[in-house]
Structure formats: C-alpha cells, structure tokens
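Participant: There's a structure below that I have some questions on.
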Amino acid sequence: MSRQGNRAGDPRKVNGELFTLTYGALVAQLIKDYENDEQVNKQLDKMGYNMGVRLIEDYLARANTGRCNDFRETADVIAKVAFKMYLGLTPVVSNWSAAGDEFSLLLESNPLTEFVELPPGHSNLNYSNIMCGILRGALEMVQMDVDVRFVQDTLKGDNITEIRLKFIKRLEDAVPVGED
Amino acid sequence: MSSLTGKQKSSNLEKSLGKGKPEVNIATFAVLFSEIVQYSQNRVHTVPELQNKLSELGQHVGSHLLDVLFLREKGYKREIKLLSMLIFIKSTFWKIVFGKEADKLEQANDDDRTYYIIEKEPLVNKFISVPKDKGSLNCAAFTAGIVEAVLNGANFPAKVTVHWHKGTTFMIKFDEDVIARDKMIESR
Amino acid sequence: MTIFNFYLFDRHGTCLYYAEWNRKKQLTMSKEEEFKLMYGMIFSIKSFASRLSPTDMKEGFLNFTTSKYKLHFFETPSGLKFIMNTDLSVGNMKDVLHQIFSSLYVEYVVKNPLCELDQPVTSELFKTKLDEYIRGLPQFPIKATS
C-alpha cells in the first residue's frame, strides 16, 4: 500500500477542516446564545480582537520584521506575510484611497467559510466577522488604531470577499502613574 | 471544494491522507480555541459544566467532520465491527485530524463496554497549564466531544469522557446495544 | 557571572511577571512600589534617549551599567518590556530576552486559554520553564551559597 509512508504531519500545522469546523461550532453556539445577528457580529468582533492581541505576539516572535514605515508597508505585510503565515492564503491589496489611509484586502477563498451556507433568517450575520476583530486587535498592539469591516462577502452572494481597513490614528505607550 | 482541484494530479492512491484542504498554523487554531474556552468559561460556573460545554462544541465539530471525511475520502467504508471502528479512530481518523495517531487503545479489564484511547499530549492541551484552582479541568473534553459525535454518527452510540491519566485518557463507554450487536456479528 | 532578577511589563505598565534568583538585597518598599519605579525609570530613559537621538533609533535603549550591576532591556513592537539585572561580567542579553519572549511567553502564556494577557502571569508551566531556562544559561552559574 502506498500509505505506508505514514510520516507525522508538520507539528506547527493543524488540519484545515478541524479549524473551519471549530469556528463553525463557535458561530453556531453564538447564534444560540444571542438574540440577533448584530449581537453575534459584535461578539465575533470582540473575540477576534482578543485573538489578534494574542496572534500578534506569536507573529512578532517569529517574523523578524521591524516596525512598518507607513500604512502601505503595513498592508503588504498583512497580506503577504501575516495572512500567508496564519491562514495559508494571500489576499490582494487593492482599492487604495487617495490619501493612502484606506485599502481593501480581496480574498478569493476564505478558510472560515468552507462548507458554510448562511442559515436562513440570518441575512445580517457577518459570518467571518472574527477576521475584522483579529486585524483590529493585532494592529492596535503595534500602535495602530484601524477600523476594519467587511464590504463584500461571497457568503452573501458577492463575487469576492472584501475587507476594508481604514487608518485612524497612531497610539502611544501608557505614561507611568505620576508622570506627564 | 476548489482546494481539491489542481493539487490532485497524482492518482488517488498516491495522495497522502488528510491533505484535502490546506492546513492552518497551529497558532491560529490555538488562539481560536483559547477564545472558545474563555467564552464558555464565562457562561458556566463549574469545571464539569465547562467540560460539558466544550464537549458539546466538540460534538458539533465531530458530526460535521465525519460527513466531510466520508464525502472526501470515498475509500473509507463504514466500519461495522466495533474493534475496527476503534482502530479507525485511533489511527486513521486521529492522524488526519490531529496530525498523528493516538498513543494507545486499550480495553477495560472488567467491562466489555469500556475502552480507552490514551494520548499523552492532546493537541488542544498543548499550550495549557491548568491553574491549581481549576485542578481537574481538561480542555480535551472538546476532543472527547468530537470522538463521541463520530462514534454516534457511525452508529456506535457511546459516551466519551476525559480523565487525567497517563496524560489524557478518553474513556469510551458504548451503549449495551452496540456490544450486543457486535457479539452477533462476531458469531456469524 | 550571575543573574539577579527579571521583570516583564506590558504596555500599560502592569508588571506581568517577576522572578529573582541571586538577588542579595531586598528593598524595604513593597514589590508594587518597586515595579512602579522600575517601569517609570525605563519609560523615562526610553523617551529621553529617543529625544536625544538625531535620527530614528531602531532599537534605542538596550542596557545600562552601574558600578554594581547591569540592566538589560528588550521591548517588542507590541510594547512588552523584558528587563533583567545581572552582574557586570555578563555580556549582551538581548537574545536571551528575545528567547524568553518567543519560546516561553508566546508558547505558554499567549497560547494558553487560561491566561489573560493583561493580568499577571500565573501559569505554573511558564514559571517552571522560565526558571529552568534561566538556570541553564551559561550566564547563570554562581557557587550555590546556603
């Protein structure tokens, strides 16, 4: 049998289906626990934020990149390094605003939504909203206050999934008590 | 399932197991699982309640996982014999889902309904050190839920619980009917 | 060579973890007070150093030496501050502090669902692993005194 080469998998990876279905179990639980889609979206964003806060530390520990010089560099690092590293895909950076403070990430596939169909009666559910939270949380930890939201979603019949990121402001370190 | 195309130039026999879909970084899974544990923890009061909650979520995953696997790997025939089913879980299934076979499969000495799958360090416990005030909490209750749903889905109804023993021990207790049925098959 | 103690602060100035090994002098002030002063001092040195610098300093403040001890500092872009005091014979500890961050803090705290990131670290696993790691360093040995 050709299955003899039963070598152990990469210990730094997990099965994508396990990941997708675990996320699905979470969303199903939230739909049970909350009254409406808006509340579920909010909770997903909040949980994503907490995940982002954790993931960025892992990222900083592994990827030896310094601070980004501008938002364009940030966009590139998110798409080409961070997404690749954590979800195994590379979104396209696009639709820059004239001021260079806003851009979109275009995703052709989305590992969170494989095997997923939106349940009827949940048209306002942003199923993958956790991603917005992750990006917001991770960027906040490196001193960037960024607004993140879905503008298109293949789950809702759009041709592509589009996440919009808007830079708001730089954040500063906390000043110690008793100093200015 | 677009991920199946493209990569599958080699014949079905040659492709390795569990490669139906790109894998994700273990850190991504770890932080997701971490949020799930914290969310569940905030909605219950006791350790057994928390483990139940994690098991329920695991069951949701397990029931879907079974469909996905059978759908994808047409080669898997449904197991009919109890022991073959257990071996399938311990080896093939465990390897696809958790990247390695489970460490051990044992049968209880004193009870023909009870089996144990032993895993020194289950994937979900890899990063967890349980604080003293939560002494007995074992987050692999989630994994137990997955196994339970897979067994139920394959028509081997059982209850699966976790215990801190040799790492983590999953105790599988089958329904009486399953054992009776298996004895009939054996004697045929 | 020896290592005296170790502090880990988050970006809000909360002391997430403290440990000591061959620390000889205990202060009369409380640990809370000591943490506050330590964070304040690091904060001031950092901001003053960067204000003095004519160009953007990539790493900025790394360590300082007094006649009795050397303080080593490493900060992540997310504002975690790793601080270690050693005796004067110890060289650059940046790699050691980075290692504590990447192999211990990230693995045993960040990925542990039972650890809250903005609270002091209570994980026994982190505590044990850090202690093992520090005691195994070539910079650690000092004759055991009873």
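The values are calculated or read from the model by the stated rules, or taken from the named source; none is laboratory data. A quick note: this is a predicted structure, and the numbers were derived from the prediction, not measured. Cβ: placed from backbone, ideal geometry, glycine included. Neighbour counts: every protein chain shown. The accessibility values were calculated without ligands, DNA or RNA, using every heavy atom of the protein model including side chains. Shrake-Rupley method; radii C 1.70, N 1.55, O 1.52, S 1.80 Å.
Participant: Quick check on this structure: which one of C:M93, C:M41 is surrounded by fewer than 21 Cβ atoms within 10 Å (Cβ to Cβ) and of a type in the set (A, V, I, L, M, F, W, C)?
Facilitator: Only one candidate passes the filter, namely C:M41.
Participant: Ok, one more. Yes or no: region B:111-119 includes at least one residue that is within 27 Å of B:P22 (Cα to Cα), in contact (Cβ under 8 Å) with a residue 24 or more places away in the chain and open to solvent by less than 70 Å² (accessible area, probe 1.4 Å).
Facilitator: Yes, region B:111-119 contains a residue that is within 27 Å of B:P22 (Cα to Cα), in contact (Cβ under 8 Å) with a residue 24 or more places away in the chain and open to solvent by less than 70 Å² (accessible area, probe 1.4 Å).
Participant: Of these, C:S78, C:S67, which one is part of a loop (DSSP other than H, G, I, E, B) and in contact (Cβ under 8 Å) with a residue 60 or more places away in the chain?
Facilitator: Just a single option satisfies the conditions, and that option is C:S78.
Participant: Whether any residue in region A:90-103 is in contact (Cβ under 8 Å) with a residue 12 or more places away in the chain, under 22 Å from C:C115 (Cβ atoms) and either touching a Ser or Thr at 6+ places or on another chain (Cβ under 8 Å) or within 14 Å of chain C (Cβ to nearest Cβ) (or both) is what I want to check.
Facilitator: no
Participant: I'm trying to understand the selection: among the residues of region C:74-95, which are of a type outside the set (D, E, K, R) and closer than 19 Å to A:E172 by Cβ?
Facilitator: Within region C:74-95, C:T76, C:P77, C:S78, C:G79, C:L80 qualify.
Participant: Quick check on this structure: which one of A:I56, A:I78 is surrounded by 20 or more Cβ atoms within 10 Å (Cβ to Cβ) and more than 8 Å from every other protein chain (Cβ to nearest Cβ)?
Facilitator: One residue alone meets the criteria, A:I78.
Participant: I've got another one for you. Six or more apart or on different chains, Cβ under 6 Å: which pairs go from a residue in region A:8-34 that's more than 12 Å from A:L44 (Cβ to Cβ) and in contact (Cβ under 8 Å) with a residue 60 or more places away in the chain to one that's assigned to a loop (DSSP other than H, G, I, E, B) and open to solvent by 30 Å² or more (accessible area, probe 1.4 Å)? Could you list them?
Facilitator: Between residues of region A:8-34 that are more than 12 Å from A:L44 (Cβ to Cβ) and in contact (Cβ under 8 Å) with a residue 60 or more places away in the chain and residues that are assigned to a loop (DSSP other than H, G, I, E, B) and open to solvent by 30 Å² or more (accessible area, probe 1.4 Å), the close pairs are A:G16/B:P22; A:G16/B:E23; A:T20/A:E114.
Participant: For region C:104-112, indicate whether the set of residues that are open to solvent by 40 Å² or more (accessible area, probe 1.4 Å) and either of a type outside the set (A, V, I, L, M, F, W, C) or out of contact with any Lys or Arg (no Cβ under 9 Å at 6 or more places or on another chain) (or both) is non-empty.
Facilitator: Scanning region C:104-112, I find at least one residue that is open to solvent by 40 Å² or more (accessible area, probe 1.4 Å) and either of a type outside the set (A, V, I, L, M, F, W, C) or out of contact with any Lys or Arg (no Cβ under 9 Å at 6 or more places or on another chain) (or both), so the answer is yes.
Participant: With respect to C:L137, determine if the residue is open to solvent by less than 30 Å² (accessible area, probe 1.4 Å), touching a His at 6+ places or on another chain (Cβ under 7 Å) and not in a strand (DSSP E or B).
Facilitator: It is false that C:L137 is open to solvent by less than 30 Å² (accessible area, probe 1.4 Å), touching a His at 6+ places or on another chain (Cβ under 7 Å) and not in a strand (DSSP E or B).
Every residue, every condition in (1) assigned to a strand (DSSP E or B); (2) within 14 Å of chain C (Cβ to nearest Cβ); (3) at pLDDT 90 or above, yes or no:
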| residue | (1), (2), (3) |
| --- | --- |
| B:K95 | no, no, yes |
| B:D110 | no, no, yes |
| B:I118 | yes, no, yes |
| B:F127 | no, yes, no |
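Participant: A follow-up question, please. Among (1) open to solvent by 70 Å² or more (accessible area, probe 1.4 Å); (2) outside any loop (DSSP other than H, G, I, E, B); (3) touching a residue at least 24 places away in the same chain (Cβ under 8 Å), there is one condition C:D118 misses while meeting the rest; what is its number?
Facilitator: (2)
Participant: Are any of the residues in region A:101-116 under 29 Å from C:R11 (Cα atoms) and open to solvent by 10 Å² or more (accessible area, probe 1.4 Å)?
Facilitator: Yes, region A:101-116 contains at least one residue that is under 29 Å from C:R11 (Cα atoms) and open to solvent by 10 Å² or more (accessible area, probe 1.4 Å).
Participant: Pick from region B:71-89 the residues that are under 17 Å from B:N152 (Cβ atoms) and under 15 Å from the mean Cα position of the chain (by Cα): which of them is surrounded by the fewest Cβ atoms within 10 Å (Cβ to Cβ)?
Facilitator: Selected residue: B:F88.
Participant: Return yes or no: is B:Y39 open to solvent by 10 Å² or more (accessible area, probe 1.4 Å), out of contact with any Phe, Trp or Tyr (no Cβ under 6 Å at 6 or more places or on another chain) and part of a strand (DSSP E or B)?
Facilitator: In short, no.
Participant: Sticking with this one: Part of a loop (DSSP other than H, G, I, E, B), farther than 30 Å from C:V106 by Cα, among the aromatic types (F, W, Y) and away from chain C (no Cβ under 14 Å): which single residue out of B:F70, B:F156 fits that description?
Facilitator: After applying the criteria, what remains is B:F156.
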